[in-house]
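Working notes, beginning with the structure itself.
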Amino acid sequence: MSVFSRLRQGDLHSLAAPYALDALDPDERRRFERHLAGCDRCAAEVRALSQDAVRLAWTTTSVAPPALRDRVLTAVRNTPQDPAPGQDAARSRAPHLPPHVWGTEPPPARPRAPRLRPLFAPLATATAAAALVVAALFGVQAAQTQDKLDAERAQAREIAHVLAAPDARASSDADTRGRGIGVIASASEGRAVVTLSGLDALPGGRVHQLWLMRPHAHPRSLGLFDGDTPLVASGLDRKATSLAVTVEPDGGSPQPTSQPVVQLALQSVGFGQ
Amino acid sequence: MRVEADELLVLVAGGDQKAFEDLYALVSGPVFGLVRRVVRDPAQSEEVAQEVLLELWRSAPRFDPGRGSALSWILTLAHRRAVDRVRSARAAGEREQREARRAHHPAFDQVAEEVEAGLEREWVRRCLDRLTALQRQSVTLAYYDGYTYREVAERLALPLGTVKTRMRDGLTRLRECLGGVA
């Protein structure tokens, strides 16, 4: 028997206080929010109770770790904002965001009839927030097949993992022709997520290969790009000074055979020391 | 601070990154403190606080001043994220881990003071003291510890209806006690 069938409509009103305290499980929360959307009296009551609940937070104020500030401000510089209400946020973002950004709830396929929005808009998942930064930075393309979807999900986890590192930093650069490279890297973990944008389409039999440049050492291959998909690189040592991308024959080369098409210094993301 | 946060959030909604830095200075302490109280694990708390503060930037254009103060909105956001995280951690973690954490984590009254006690903090505490024990426990187990009202009912061995009523009465009494201190 589901939670729902145990709850008659009349009982929903009694959930206002638990809702204000975030004390409903996800199913009940959704059900209550649907109810709220059509019940002005409840909405006013919940708003008042929520204001009361927020006062409880006054006792918990603390000091945020200084490193948090750097990470948040870096992310903010690279993250676009949602459109203001009136534009449909979900639909306007949908065309250029990959499915994993949406988690298990894809945006509606067609416009819905306007209705009251819930008092507090539901939040994206943690992974979605991380993936959004990446998608925003790099314009990740939507996947078509289940295999690719699974691969992207696995990759989203990798990306979220790199982003969650305490020292994760982001950096990007583009030349005058709009050819860009972006990175989110953690020096402590020696990992980075690298994405390209605006590069010329490659003729058949050629690939973009990523190189790690270090002082007094040969470039080391970090892997081959698969179209627009971000490349997750590991084993980066702290002495690394920059990343470079060259065009190589299919399968890649042991050492670069052409001049880099894009390059990015790694100092601002904690390397080269 | 509240008025200031409201004004800054309007600027942030327009894409003003400098205003976001100022807003960050105002709200990062309350956000991190609240998340830390609910999530408890320091590393996870930082992660959640980071998500919340980034969400604040992203969602600022959707903030509707007619629906409440900026600070309330931000702390509501932070609380929900923190509660979601602690619940998924509980669901994933082993029972003994949960027990250990419960035993380790001090009751509300003994929470260590990490910063100087503000007037508001003292006021809320005094008002919490004026609730009945069941009202206080129902409210604090939900808000500070992230338990659902069903879990609270189980822990306090009370019927569900009683817990829902205690939560409502507790919040209402808190409102009366705090009066105009909004």
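Each reported figure results from applying straightforward, stated rules to the coordinates on display, with no laboratory input. Being a predicted model, the structure only gives us computed values, none of them experimental. So basically every Cβ, Gly included, is an ideal-geometry build from the backbone, and we count neighbours across all protein chains shown.
For this structure, a couple of remarks:
- For residue A:261, the residues 5 or more places off, or on other chains, whose built amide H falls under 5 Å of its own are A:245, A:246, A:247.
- Per-residue ³J(HN,Hα) for segment B:154-166, Karplus 6.51 cos²θ - 1.76 cosθ + 1.60, θ = phi - 60°, Hz, x for Gly and Pro: 5, 5, 9, 6, 10, x, 4, x, 5, 5, 4, 5, 5
- Charge-dipole axis of segment A:154-273 as Lys and Arg at +1 and Asp and Glu at -1 on Cβ define it, positive-most pick from A:215, A:162, A:201: A:215
- Taking a ≥ b ≥ c as the square roots of the eigenvalues of the alpha carbon gyration tensor, segment A:182-221 is oblate, as a/c is not under 1.5 and a/b does not beat b/c.
- Cα-based Rg of segment A:39-79 normalised by 2.2 N^0.38 Å, two decimals: 1.87
- Amide H contacts under 5 Å for residue B:131: none, restricted to partners 5 or more places along the chain or on a different chain, H placed in the peptide plane at 1.01 Å from N.
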